[in-house]
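Beneath this line is the structure, given in structure tokens, with notes to follow.
The values are calculated or read from the model by the stated rules, or taken from the named source; none is laboratory data. Keep in mind the model is a prediction, meaning the values are calculated, not measured. With ideal geometry, Cβ positions are generated from the backbone for all residues, glycine too; neighbour counts draw on all protein chains shown. SASA here: full protein model, heavy atoms, side chains in, ligands and nucleic acids out. Shrake-Rupley method; radii C 1.70, N 1.55, O 1.52, S 1.80 Å.
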Protein chains: 2
Amino acid sequence: MADINYLRHSERPDAALTEPALREAIELLFFAYRDFTGEPDALLARHRFGRAHHRVIYFVGRQPGITVSELLAILKITKQSLAPVLKVLVARGFVAQAMGAKDRRQRHLTLTEKGQALEERLYHIQSARIARAYRQADPAAIAGFRRVMRAITDDPQMGRGGR
Amino acid sequence: MADINYLRHSERPDAALTEPALREAIELLFFAYRDFTGEPDALLARHRFGRAHHRVIYFVGRQPGITVSELLAILKITKQSLAPVLKVLVARGFVAQAMGAKDRRQRHLTLTEKGQALEERLYHIQSARIARAYRQADPAAIAGFRRVMRAITDDPQMGRGGR
DNA sequence: TAATTTATGTCAGCCATGTTGACATATTGC
DNA sequence: GCAATATGTCAACATGGCTGACATAAATTA
């Protein structure tokens, strides 16, 4: 049963690659993500927004002027999924659309002041949780966290931010 | 704007608590979780199961004999949300229910052989991703990852496994 | 014993978030 | 002029959550 995961990096057994250790990591991802998204969800609900709106607000805030297709690529969802979310954000004045100067087919998205204000509140909630965790860890632990998280991710450059 | 996050742990400025560093962490969580769940989703879809079924299979597999209310507490969802998911898992022979010996109101859940087989395949997919990441990291980095992930989580003992 | 609490199940209605497929429109580039 | 591109839209559907209300059986408590 899943013995393949007991394969060694070098020749000696590696405690980090045992089934219990790997199951622990699987659970850490589940619980950390669940709790990480729980708090913002409450604020979003007060605006009748969901996690999908949060993601749009976040990435438009990070990359003002991002096009619709760039946003779709980051989120890895279909345009039909994005459409109603974006529509309500524009209709309610959180996101603004501007026609491209060079390519007039494109819609460049930016946050309005109202959108920025909400983004900041959401960022504040989530960054407080991260900051609390980082304060409990030394620099080496933080570096390890970053390294492992990047390695778990398919494309470690993550969207366009390219951090 | 979110200046509170610039608060220091000691007296000197801490590079880990700057806005760029905290935004990086937020994005690491988003992308790592997205990619982590992407692969199992494809296998689950072939059974017409979703992520909710995966979670039930996972935690029943981890704690055979778990009761319905214990499962609800781990997942933090309502019984009305769990009901249809559990129903189809039982109906299609992945999960078995047994009346409690001591308390006959309780339903103790276990995986059938079929359920175990699916759980193993799902575990294999996810553990392979973790193992790949862990192999790229030294023991200190892995320890740092675990420490930060626990600190991000509300209840670091995570469910009943109590790792 | 009687009353209450607990564990579970179920029904109804609602909402958010995703999907595929098909088609429309405007614009760009060859 | 034509094909490709960027975006938008409609329809139908599936999943996975939620609240509220109510039902049943079993355990616990008064």
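So what does log10 I(q)/I(0) come out to for the range B:18-63 at q = 0.23, 0.30 Å⁻¹, using the Debye formula with one equal point on every Cα and no solvent?
Result of the Debye calculation: -0.80, -1.00.
Which residue fluctuates the most in chain A, going by a Gaussian network model with Cα springs under 10 Å, if the choices are A:His47, A:His124, A:His108?
A:His47
Work out the mean other chain Cβ neighbour count within 10 Å for the residues of A:114-127 and drop it here as an integer.
3
Over all directions, the average projected area of the alpha-carbon convex hull for the range A:9-92 comes to how many nm²?
Orientation-averaged projected area of the Cα hull: 8.3 nm².
Hey, how many Å between the Cα centroid of the range B:102-148 and the Cα centroid of the range B:24-39?
Going from one Cα centre to the other spans 17 Å.
So which residue, out of A:Thr18, A:Thr112, A:Thr67, gets the largest mean-square fluctuation from a GNM of chain A using Cα contacts under 10 Å as springs?
The residue with the greatest mean-square fluctuation here is A:Thr18.
For the A and B pair, go ahead and give the buried accessible area with a 1.4 Å probe, both sides summed, in Å² to 100.
7000
Along the axis that rotates chain A into chain B, which residue of chain A has the nearest beta-carbon, and what is the gap in whole Å?
Spelled out as residue then distance in Å, it is A:Gly144, 1.
At B:Leu43, with labels set 7 Å past Cα in the Cβ direction, how many nm apart are the copies from this one, shortest first?
3.7
Take the cross-link list A:Lys79/B:Lys87; A:Lys79/B:Lys76; A:Lys87/B:Lys79; B:Lys79/B:Lys102; A:Lys76/B:Lys87 and give me the ones stretching past 27 Å between alpha-carbons.
Values: A:Lys79/B:Lys87 33 Å; A:Lys79/B:Lys76 31 Å; A:Lys87/B:Lys79 33 Å; B:Lys79/B:Lys102 22 Å; A:Lys76/B:Lys87 31 Å.
Distance filter (> 27 Å) returns A:Lys79/B:Lys87; A:Lys79/B:Lys76; A:Lys87/B:Lys79; A:Lys76/B:Lys87.
Mind pulling up the Rg/Rh value for the range B:15-150? Radius of gyration and Kirkwood radius, both on Cα.
Ratio of gyration radius to Kirkwood radius: 1.05.
Ignoring any ligand, DNA or RNA, what whole percent of the accessible area of the range A:15-152 comes from carbon and sulfur when the probe is 1.4 angstrom?
The value for the range A:15-152 is 54 percent carbon and sulfur by accessible area.
Quick one: how many Å² of B:Lys76 are accessible to a 1.4 Å probe, rounded to 10?
Probe radius 1.4 Å; accessible area of B:Lys76 about 120 Å².
On a 0 to 90 degree scale, rounded to 10, what angle separates helix A:139-152 from the longest Cα axis of chain A?
80
Quick one: accessible area per residue over chain B, 1.4 Å probe, rounded to a whole number of Å²?
Per-residue value: 51 Å².
Above 36 Å lies some portion of the pair distances; for the protein assembly as shown, what is it as a whole percent of all C-alpha pairs?
More than 36 Å apart: 25 percent of the Cα pairs in the protein assembly as shown.
Between the label point of A:Arg92 and that of the same position in each other copy, find the distances and list them shortest first in nm, with every label point placed 7 Å from Cα along the Cα-to-C-beta direction.
Nearest to farthest, the other copies are at 3.5 nm.
Comparing A:Asp14, A:Asp35, A:Asp138, which has the greatest mean-square fluctuation in the GNM of chain A with Cα pairs linked when under 10 Å apart?
A:Asp14
Between copies, how far does the label point of B:Ser81 sit from its twins, in nm, shortest first, when each point is 7 Å from Cα along Cα→Cβ?
So the distances to the same position in the other copies read 1.8 nm.
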